[in-house]
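The values are calculated or read from the model by the stated rules, or taken from the named source; none is laboratory data. What you see is a predicted model, and the numbers here were worked out from it, not measured in a lab.
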Amino acid sequence: MMTQQTQFETHQQMTRYEKLEFLQHTVTRDQSGAGLLHDMIGWMGDDDFNEFYDYYCTVHDICRDYNELDAKYGE
């Protein structure tokens, strides 16, 4: 029997593009620089991007994945 709750990947398991998609779905920000941001991170290696993602989310008080979002604000 399937439950309504879906288990989401943690941010450590997500690709950079899944992380960007998560931010686009959960954060309301000015999107004028979104194309530039997308292009910039395309040039970063995985380690650099993961460091940037953690920094960006920490500085702006943004949850890093759906599990953190659910833990902070409930379902």
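Of note:
- Complete set of residues in the stretch 24-59 that are more than 15 Å from MET14 (Cα to Cα) and at pLDDT 90 or above: TYR55, THR58, VAL59
- Restricting attention to the stretch 1-16, the residues being modelled with pLDDT of 85 or more and either under 10 Å from the mean Cα position of the chain (by Cα) or farther than 26 Å from ASP70 by Cα (or both) number 2.
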